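Comments concern the structure below.
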Amino acid sequence: MISHDVVIIGSGLAGMRAALEAADKGADVAIVAKSYPVRAHSVEAQGGIAASLARVEEDNWEDHMFDTVKGADYLADQDAVETLVKQAPEAIIELENLGTLFSRLEDGKINQRPFGGHSNVRSCFTSDKTGHALEHSLFEQVMKAGVDVYDEWFVTRLIVENGTCKGIVAYDMQKGEIEALKAKSIIFCTGGYGRVYGITSNDLQNNGDGISMAMQAGVPLEDMEFVQFHPTGLYPRGTLITEGARGEGGHLLNDEGERFAKKYAPDMMELAPRDILARAIETEIREGRGIDGGDYVHLDLTHLGEEKIKERLPLIRELAIDSAGVDPIEGPIPVRPTAHYSMGGIYIDNNCSTPVDGLFAAGECSCVSVHGANRLGTNSLLECVIFGRKAGETAAEYAKNASMPQLSSKEYIEEERDKMENLMNGEGGEEINELEEELQNTMRDKVYIFRNESDLKSALDKIIEIKERFENVQIKDQSMTFNTAYTGAMELESLINVGWAITKNALARKESRGSHYRTDYDERNDEDWLKHSLTRFENGELNIDYENVTITKYEPKKREY
Ligand SMILES: Cc1cc2nc3c(=O)[nH]c(=O)nc-3n(C[C@H](O)[C@H](O)[C@H](O)COP(=O)(O)OP(=O)(O)OC[C@H]3O[C@@H](n4cnc5c(N)ncnc54)[C@H](O)[C@@H]3O)c2cc1C
């Protein structure tokens, strides 16, 4: 059986940074990913990465910390936030030394742009292709460090025995074989789950596989009710139009040509946090002020001028021309909210350890929690870098003192083969696409930006029904290599589990905080709900507990922008 000291699932920014660090600490490291490594969703990140570098205006980590905690609607753990923001400036310089080319000011210093919810100019960027620059420079370093890469390996199961993580089961798509792989330390860096909603900025790969696998192996999930909807998805499919477009000065307009953000966030306007602007756009649309009464508004960049748009937002321009037939130099871009980011995820401590020995997590699939109830733009890439590095360090340290697990993989491999064969030979007649669409429509109609008890209850019933019908899924593709029907079924299973956890928690949380807005409990309620949710999968059920939020510096206050 293949074995390594440290195995990292996922080749996004968190996985790459973890791999580099673990290799640096002397561990024998491998990355396993279901796509080619630099195809991870991180490569699509546009607007930038936050740090109080103070290149454009005065800044300091305390301001960054306060903005993050306030943006999080006070649900973030403040000790974790302090780690994140204090280490940020040095991490940017480190990334630069690792080869990332950031956009520059005239004097050669790293340029920065404003971003939503940040009170100072803080986002370091590479035009609107920041993720591309980061992923590629880190991948070069990962290759240089001699990390093994198993690409186009689809991980289907996490092996935990007696509270210790021992390995994984994966489908090697190229060879058409089911494999098991063991390791002293395993780090999940499997990204988010945007595709549980039909309209999303996320990649086709973002199905919450890691979150679902961890859940099924008994690892608790934290704060699953908090899903970020980005205000400006390109209409109608939801492809991201970066907040950087508003950072550069873009305006949101309704059908009356009004900059409506002033009604919802009089001071910060278009640079208010995402939860507030997503609700603002949704309200404008619901109240009939969408463009021509339809379900989108306009993002107007025309006043920025051709030169700035071409230099700072070339990708956005390309996307708008190709997908909406609009050149932002000449006309406004049609936008509406799009499912974007998972604040919740696999429960980890500040060293990125899960409660299961030998299992660690970092990046979007995890919850450390630095984003609380609402993440600020540019803080996610930062989290991947800071906590990816930490996860690599902790996992390598753990591996140093652990022996290679004893694992008999035969029964796990057979179980997985049986599962595949059952799907191929099934006669239940349920189709993957149909179930996926029903799930996505349910989430979109009932577990969306505005939520209420009766919708959430009916969504939960529907998800349980979909879960049962999943047992009768049948796939027609009988081939062993690149069987995308099989991987599609596995991804659907992940989406169902994630949708279930989001909905169950959304129903339980009877208040409005950050991205979680209940029309039937429309106020934040610190007395009863200033706490993290912890969800455990036990005996076929999801059980919810709660845990205190760590507050070190900033007591909760009313959140105004
Ligand atoms: C369009 C877009 C733009 C964004 N722009 C910004 C920005 O400007 N600034 C910012 O801070 N944040 C931004 N974000 C958010 C940020 O990019 C992500 O949160 C972050 O990149 C996630 O990185 P990650 O390493 O956790 O996961 P990902 O980059 O999503 O990588 C996940 C990895 O896990 C692998 N994987 C998943 N499941 C399996 C499985 N079953 N088997 C094997 N491998 C698996 C995938 O193949 C992939 O390699 C943006 C997000 C999107 C969608």
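Averaged over residues, the count of other Cβ atoms within 10 Å places the peptides 442-448, 65-71, 186-192, 466-472 in the sequence 186-192, 65-71, 442-448, 466-472, highest first. The helix-only estimate of mean residue ellipticity at 222 nm for the chain, built from DSSP H runs of length n ≥ 4 each weighted as -39500 (n - 2.57), is -11500 deg cm²/dmol after division by the residue total. Semi-axes of the equivalent ellipsoid of segment 386-463 are 38, 27, 10 Å, computed as sqrt(5λ) over the eigenvalues of the C-alpha gyration tensor in descending order. Relative to the Cα centre, the charge distribution of the chain, modelled as +1 at Lys and Arg Cβ and -1 at Asp and Glu Cβ, gives a dipole magnitude of about 680 debye. Converting the Cα gyration tensor eigenvalues of segment 98-148 into ellipsoid dimensions via √(5λ) gives semi-axes, longest first, of 26, 13, 8 Å. Annotation: peptides 197-205, 324-332, 116-124, ranked by per-residue average of other Cβ atoms within 10 Å with the highest first, follow the order 116-124, 197-205, 324-332.
Determine the gain in length on full extension of the stretch residue 433-residue 400; use 0.36 nm per residue of separation and subtract their C-alpha separation, reporting nm with one decimal.
Extending this stretch completely gives an extra 7.4 nm.
Distance between the 7 Å Cα→Cβ label points at residue 477 and residue 457: 4.1 nm. Taking GluC sites (Glu not before Pro) across segment 489-527, the ones in a DSSP loop with at most 10 further Cβ atoms lying within 10 angstrom of their Cβ are 523. Relative to the 2.2 N^0.38 Å rule of thumb, segment 264-369 has a C-alpha radius of gyration ratio of 1.48. Taking 21 Å as the straight-line reach from the Cα of residue 308, the lysines in range (excluding those fewer than 8 positions away in the same chain) are 109, 129. Segment 258-308 and segment 499-540 have Cα centres separated by 27 Å. Taken along the Cα-to-beta-carbon direction at a fixed 7 Å, the label points for residue 527 and residue 143 span 6.0 nm. Measuring only protein heavy atoms, the 1.4 Å probe finds residue 560 accessible over about 120 Å².
Report the local net charge at residue 240: Lys and Arg +1, Asp and Glu -1, summed over other residues whose C-beta lies under 11 Å from its C-beta.
Values: positive: 237; negative: 44, 128, 203, 243.
It works out to a net charge of -3.
Over the chain, the pair-distance histogram of Cα-Cα distances with 10 Å bins from zero comes to 4, 19, 30, 28, 15, 4, 0 percent, rounded to whole numbers. Highest mean packing comes first when the peptides 138-146, 245-253 are listed by Cβ atoms within 10 Å, giving 245-253, 138-146.
Would you kindly state how much longer the chain becomes between residue 441 and residue 520 on full extension, computed as 0.36 nm times their sequence separation minus their alpha carbon distance, in nm to one decimal? Before the final figure, lay out the partial values.
Working: separation 79, 0.36 × 79 = 28.44 nm, distance 2.18 nm.
Going from the current span to full extension adds 26.3 nm.
Under the simplified labelling scheme, the residue 351-residue 557 pair shows an inter-label distance of 3.5 nm, with each label point 7 Å from Cα along Cα→Cβ. Listed by chain and number, the lysines placed with their C-alpha closer than 25 angstrom to that of residue 25 are 86, 144, 166, 182, 184, 390, 400; residues fewer than eight positions away on the same chain are left out.
The values are calculated or read from the model by the stated rules, or taken from the named source; none is laboratory data. Nothing here was measured: the structure is a model prediction, and the numbers come from that model. Virtual Cβ from ideal backbone geometry, glycine too; neighbours counted across all protein chains shown. Heads up: the accessible areas ignore ligands, DNA and RNA and are worked out on the full protein's heavy atoms, side chains in. Shrake-Rupley method; radii C 1.70, N 1.55, O 1.52, S 1.80 Å.
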